[in-house]
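Read the structure below first, then the notes.
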Amino acid sequence: MSGRLRALGYRILPGDGFSYVLHMRPREWPIMIAHTTVGFALAQGIGNTVHGVRAGALAIGLAVWVLLLNGGTLAINSAYDNDEGDIGYLDAPPKPPRHLALFGFALMLAGQAIALALVRRGFAIAYAICFAMSLLYSVPPARLKAVAGADWIINMIGFGTLTPYAGWALTRLSLSASGAWALGGFAPLFAALYPLTQLYQLEEDRARGDRTLALVLGVRASLAVSIVSLCAAFACFARSSSLSTHASGAAYSGTALAIAAAAWLAVLIPWIARAPWMAPQAHKRGMYAALLAWAVTDIAVLIATN
C-alpha cells in the first residue's frame, strides 16, 4: 500500500484504527478472492459463475472467507509474530495494536456464525477446519507455524485445497472426480509456494526462535522441495484434465498446463541457481513472481478442466 493511501487510511481511522485494517493485509484479498472463485468456476463452468442467486451466494461466501476468515487469521498471526520487517503483503508493518488478537478472533468467529446460518454446509465445515488450523498455527502454546513441516501441511490444506473447495461448496454441486483431482492439486501447488514466502524472512524467524520449514531446510533445499511439489501438482492437474476434457480439447488443455508449468520453472530455475548470493529483497521479489505464476496456473486449470 502506497504512503498516500496509508496516510489517508489513518486520517479516516485515526489512532490504531487503520493498523487493524493493515494487519488484515488487504493486498492479499484479490489473491484470496481469485483462488476461492476458481473453485466456484470449476464446479459449474466458467460461463456460469455469475447468475442470480449464485452470484449472491458467491458474494457472501467471498466476504466471509476472505475478509473474516483470512483477514482474521492474518490479524492473529501478526499479533503473535510482532514483526518489525516486511511481511507477506504488508511492508513496514505498524506495531500490532493492543487488541489485535481479539479483533482477529472476533472476525473469524463472526464468519463462522454467518457460514453456519447463511451459507452452504460444506462451506461451513471447511471454514470450521480452517478456523481451528488458524488458531493452532499462530497461537501459543501450539503455534505450529514454528514447527517445521506442520506449518507447511496446514497451509497446503487450508490455502491450497480448502480455499477453492469453499468456492465449490457455494454451488451446492457434488464434487466430481475431475474436481477432486484439481482441488487436490492445489495442495502440492501451495507446498511449492509456501517455502518461497519464508526465504526473505529467515533472519527474523531465526531471531524469534521459529523453526520454519525454510529455515530448517535452507534456501536451496527449500527451492528443490518447491520444484518437486510443483511436479506433483501438475500431475494432479493433468489427471483432472483427462477426466473432464473431450479428445478434441486435449491438446488445448495440455498447452495451457504446459504454459503454467513453464511460468513456474522460469521463476524457480534461475532462483535456485542464484540462491547463495541473493539478498532478502531479491528472495521477496522471487516470491511475488511465483504468485504471478500461481495466477497463470489458476487460469490454466480452468481452461484444462472446462
Checklist entry - What 222 nm value per residue comes from the helices of the chain, counting each DSSP H run with n ≥ 4 as -39,500 (n - 2.57) and dividing by all residues, nearest 500 deg cm²/dmol? => result -22000 deg cm²/dmol
Checklist outcome for this item: So the pair-distance distribution of the range 128-252, from every Cα-Cα distance in 5 Å bins, comes to percents of 2, 11, 17, 19, 17, 14, 9, 6, 4, 1, 0, 0
Item to check | Within-10-Å neighbourhood charge of Lys145 [Cβ basis; K, R +1; D, E -1] | outcome: -2
Checklist outcome for this item: The alpha-carbon pair-distance distribution computed for the chain, with 20 angstrom bins and whole-percent values, is 33, 59, 8, 0
Checklist entry - Where nothing but the Cβ of Lys and Arg (+1) and of Asp and Glu (-1) is charged, how large is the charge dipole of the range 175-306 around its Cα centre, in debye to the nearest 20? => result 200 debye
Checklist entry - Extension gain Ser174-Val21, at 0.36 nm per residue separation less the Cα-Cα distance, in nm? => result 51.5 nm
Item to check | Contour excess over end-to-end distance, with Cα ends at Asn82 and Ala117 and 0.36 nm allotted per residue | outcome: 9.2 nm
Checklist entry - For the pair Ala262 and Ala282, what calculated FRET efficiency results from E = 1/(1 + (r/R0)^6), where r is the Cβ-Cβ distance and R0 = 25 Å, to the nearest 0.05? => result 0.70
Checklist outcome for this item: Placing each pseudo-label 7 Å from Cα in the direction of the beta carbon, Arg11 and Arg98 end up separated by a distance in nanometres of 2.8 nm
Item to check | Integer Hz, Karplus 6.51/-1.76/1.60 couplings in order for the range 223-235, x for Gly and Pro | outcome: 5, 5, 4, 4, 5, 5, 4, 4, 4, 5, 4, 6, 5
Item to check | Cβ-placed point charges (K, R +1; D, E -1), dipole of the range 12-175 about Cα centre in debye, nearest 20 | outcome: 600 debye
Checklist entry - Modelled label-to-label distance, Trp29 and Cys231, 7 Å Cα→beta-carbon offset: nm? => result 4.0 nm
Next on the checklist: Students often check this: by mean Cβ neighbours within 10 Å, which of 170-176, 100-106 ranks highest, and how do the rest follow?
Outcome noted: 100-106, 170-176
Next on the checklist: Ignoring solvent entirely, what values of log10 I(q)/I(0) come out of the Debye formula for the range 176-306 at 0.22 Å⁻¹ when each Cα is a single scatterer?
Outcome noted: -1.17
Checklist outcome for this item: Between Ala273 and Tyr252, the FRET efficiency computed from the C-beta separation at R0 = 41 Å comes out, to the nearest 0.05, as 0.80
Item to check | Where only C-alpha atoms are counted, convex hull volume of the range 108-176 per residue in Å³ | outcome: 73 Å³
Checklist entry - How far apart, in nm, are two points set 7 Å out from the Cα along the Cα-to-Cβ line at Leu292 and at Ala207? => result 3.0 nm
Checklist entry - Of the listed peptides 16-23, 271-278, what is their order by residue-averaged count of other C-beta atoms within 10 Å, with the highest listed first? => result 16-23, 271-278
Checklist entry - Ranked from highest to lowest mean number of other Cβ atoms within 10 Å per residue, what is the order of the peptides 178-187, 124-133? => result 178-187, 124-133
Item to check | Cα centroid separation, the range 148-195 to the range 207-237 (Å) | outcome: 17 Å
Item to check | Cβ-derived FRET efficiency at R0 45 Å, Ile299 paired with Ala221, nearest 0.05 | outcome: 0.90
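Each reported figure results from applying straightforward, stated rules to the coordinates on display, with no laboratory input. In this text, all values refer to a predicted model and were calculated from it rather than measured experimentally. Positions of Cβ are backbone-derived with ideal geometry, glycine not excepted, and every protein chain shown enters the neighbour counts.
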